[in-house]
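Worksheet for the structure shown next.
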Amino acid sequence: MDENKYVYCRKFFLTLISAENIPNVRKFFESKVYSKVSFGGDKKTERRTPVDKHNELNPAWNYTMKYTVAEPGVIHYSIQLVIKLYCKRKLGDRYIGEVHTPIKELFDRAYSEGGNAMLDLPIIQGSASAETGAEGCRIEELGHLKNLRGKIEIRNLQLVNNEAEAKKANLDGKTNIIELKFCWRNTNEGNITYESVLESDTRNRNVLESNIHDESVLKGLQPHPNLRSIVIEGFRGKNFPLWTMKMLKLDKLIEIELIKCYNCEKIPMLGHLPLLKYLKLKGLTNVTSIELSFYGASDCSSTSRNDGQETRVSFPSLKSLIIEEMPNLTEWVEAQTSRVQVFPCLEILKIEKCCKLTNIISSSNLTSLVGLTIDECKNLAYISHLRGCEASLKQLIIQACDELRELPDDLGSLESLETLRIDSCENLQLIPYPSGQKGLSSLRRLEICNCKRLSNLPSEMLKFCTSLRGLNVFRCENLTSFPELSGMVWFNILRELSIGGFSNSDTLEGICRQIKSVPILRLYGRPDWVSLPYQLQNLISLKQLSIIDFGIEELPSWLGNLSSLEILILWKCEKLRHLPSKEAMQ
């Protein structure tokens, strides 16, 4: 035997994804419909899927079959393929029974019948050594696969040695790849999490700085300009290579995600990309500023003319911008010239876990904004205004912003707002509502909770909430007065009310006295409140009642008067010892 030749096993995973438009093919009640797969008709390799458990009329979908295939190669490497086959094809009577359909034929038929097919080949780069226990292939093996199309995912890129080795994948020559995902190592390796970086753990910082070679590897993985989507996860270089920083050639990109690039110091220049719709920046823990360069190259951006002057448009197609887990981000620089229009199509803006950020961009240009979420931005002291998105904004969520002391003055001008949630803003003292504003006439759900210093709610704001169906105000300990609700036009058609947890029980009882009819009621108490508001016994239309955090020892017998009650929820009533008798509840 030639000692230089080896035979090793490649693990082959085949996942069959059911098509959207395949009709039910079971014609007879006794028949069973399943897919059968084999290699070259070899009975030893034959596998079959179970029947779809939901309707038993088609083969099970999203079912993975595993094969072990022996072939000659180098003992130190192996390859793992996951093939996801998406086909829209018609199945006629001739397909009933056992049909031998080669995979290639499925692709050919899908295209010929006007459907679509996508081959998903996540190539796992790794080593069979005992230290990692991983199985993978040399990245240069991708270079020989000239007809790859669809989505490619390459993992464990830390095992690629340098730029020259990465270039052998020949990604810039693969014109049919539309989605790419690059992953370096397990991103939880070494306990590197958002929280650990936030705590500036020295050991983890050393782990981050030991992977400078990631920069050269990513440089060698430059894709073809036809690319539509790219995800870069776990990259540990301090600087992205030029093709990533400027992306001048990747002008067909629609989606970009940069995730857990812990050492990265600058965000790439992206605003000039004409088709970019979805952008996610998560875990860029070393970035301190969103700079002017973020808005794109001035000589490449889209332009429009206004009053005879040329205006540059930055992020002309962007619909969703998500910025998460960037604990060292302190500033967001705005485009400083009136000749730059920014985010004209932006609909969703989420800023989460950016604890040092003190400002967010002005909303003046955000004329298409539908949803704004600001969560765990603990140093954000103010939101200047909401002008620009009055007619478009439908959802506003502000949570866990400890330094926020007041909301914008023009809050009442958001005529399209349907959901407003203010939660866990401990220093929020004021909700301004100047006279003359149009009012929140479209608001359907208002939630203000866990705001310890909030002392009052403006009655004018509630008065104009004519579409309100859900009101939730609770655990605002300093709230000593509450607007008179009985005179509000929406009060008698309210579907849901959550109330309580104030500094004294009189405020809660005053509200309960005004309630005539509400299907869902949640009462929040305090551990020293030993009774429930007696006014509740008159709510004969109440269907669901939640009693939360009261110090009561027993439930009152008058609960039996609530003839429509279907659901009773008791939560955190730690002193409760007795329930009403069965007779009392009938």
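A short reminder: the numbers here are calculations on the coordinates, not readings from a lab. On a predicted model such as this, the values are computed, not experimentally measured, just so you know. Here Cβ is always computed from backbone atoms with ideal geometry, including for glycine, and neighbour counts include all displayed protein chains.
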Legend entry - Local electrostatic count, residue 567, Cβ distance below 15 Å [Lys/Arg +1, Asp/Glu -1]: +1
Legend entry - Formal net charge of residues neighbouring residue 445 (Cβ-Cβ distance under 15 Å; K, R +1; D, E -1): +2
Inset, instruction - Can you bin region 364-508 into rounded, prolate or oblate? Criterion: square roots of the alpha carbon gyration tensor eigenvalues sorted a ≥ b ≥ c, rounded for a/c under 1.5, prolate for a/b above b/c, oblate for the rest. - result: oblate
Legend entry - Mean Cα-pair separation over length for region 429-568, i.e. relative contact order, pairs under 8 Å, 6 or more apart, %: 17 percent
Inset, instruction - Obtain the nm distance between the two label points defined at residue 378 and residue 140 by a simple spin-label model: each point lies 7 Å from its Cα along the Cα-to-C-beta direction. - result: 5.0 nm
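What whole-number value in cubic angstrom gives the convex hull volume per residue for the C-alpha atoms of region 396-478?
72 Å³
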Legend entry - Kirkwood estimate for region 352-415, i.e. one over the average of 1/r between Cα atoms, Å: 11.9 Å
Inset, instruction - Give the peptides 450-460, 227-237 in descending order of average Cβ contacts within 10 Å, highest first. - result: 227-237, 450-460
Legend entry - Extent along principal axes [Cα atoms of region 476-586; Å; largest to smallest]: 38, 29, 17
Legend entry - Formal net charge of residues neighbouring residue 458 (Cβ-Cβ distance under 13 Å; K, R +1; D, E -1): -3
Legend entry - Dipole moment magnitude, nearest 20 debye, region 467-514 about Cα centre, only Lys, Arg, Asp, Glu C-beta charged: 200 debye
